1. Go over the candidates Arg72, Arg95 one by one and state the one that is surrounded by 13 or more Cβ atoms within 10 Å (Cβ to Cβ), under 13 Å from the mean Cα position of the chain (by Cα) and either touching a residue at least 12 places away in the same chain (Cβ under 8 Å) or part of a loop (DSSP other than H, G, I, E, B) (or both).
2. Select from segment 1-38 the residues that are in a strand (DSSP E or B) and among the charged types (D, E, K, R) and write down the one among them that is surrounded by the fewest Cβ atoms within 10 Å (Cβ to Cβ).
3. If you scan segment 8-27, which residues turn out to be free of Cβ contacts under 8 Å to residues at least 12 places away in the same chain and aliphatic (A, V, I, L, M)?
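The values are calculated or read from the model by the stated rules, or taken from the named source; none is laboratory data. These figures come from a predicted structure and were not determined experimentally. Heads up, the Cβs are rebuilt from the backbone with ideal geometry, glycines too, and the neighbour counts pull from every protein chain shown.
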Amino acid sequence: MAVWYAGRILAVRQSYRPNPSWPGGGIHRGETPREAARRELAEELGLRVAAEDLVLVREIVSEWDFRHDHVRVFELHLAAEPRITIDNREIVAARFVAPEALLAAPGLAPFMREHLAALRATARLNAPAASGGR
């Protein structure tokens, strides 16, 4: 999930990868992608959000990390800075960063690079509007 607050995007560090990432994960049997996104935000960061606050903005298929990856990118725009409680198991750090800094990070996942580059190309990268959220 691309979580935005005040023009910055949430970057997380996973315990098993050195490069920055976004919160997210797999879809459990019987879950919709949106339900999985809500569950992952709650499990990894302690964020509880309404389903309608998550907007599916892109589906990306790529080869990365030795696997065929099908990623659904949801965006969440927060009006207030959230209280983040990392799980310290899968996620060991989380902070909001400038999106251009994230784009410049080495080893960025292809789906993240593609999404941020598309936003930059449409001039939405530095000015995502806040719209609800928790």
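1. On the way: Arg95 fails: surrounded by 13 or more Cβ atoms within 10 Å (Cβ to Cβ).
Going through Arg72, Arg95 in turn, the sole match is Arg72.
2. Going through segment 1-38, the residues in a strand (DSSP E or B) turn out to be 2-5, 8-14, 20-21.
Filter again for among the charged types (D, E, K, R), leaving 8, 13.
Values: Arg8: 18, Arg13: 16.
Filtering first and then ranking leaves Arg13.
3. Of everything in segment 8-27, just one residue is free of Cβ contacts under 8 Å to residues at least 12 places away in the same chain and aliphatic (A, V, I, L, M), namely Ile27.
Yes or no, residue by residue, for (1) of a type in the set (A, V, I, L, M); (2) modelled with pLDDT of 95 or more; (3) farther than 22 Å from His115 by Cα:
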| residue | (1), (2), (3) |
| --- | --- |
| Pro18 | no, no, no |
| Thr32 | no, yes, no |
| Ala42 | yes, yes, yes |
| Val55 | yes, yes, no |
| Arg58 | no, no, no |
| Val61 | yes, no, no |
| Asp65 | no, no, no |
| Leu76 | yes, yes, no |
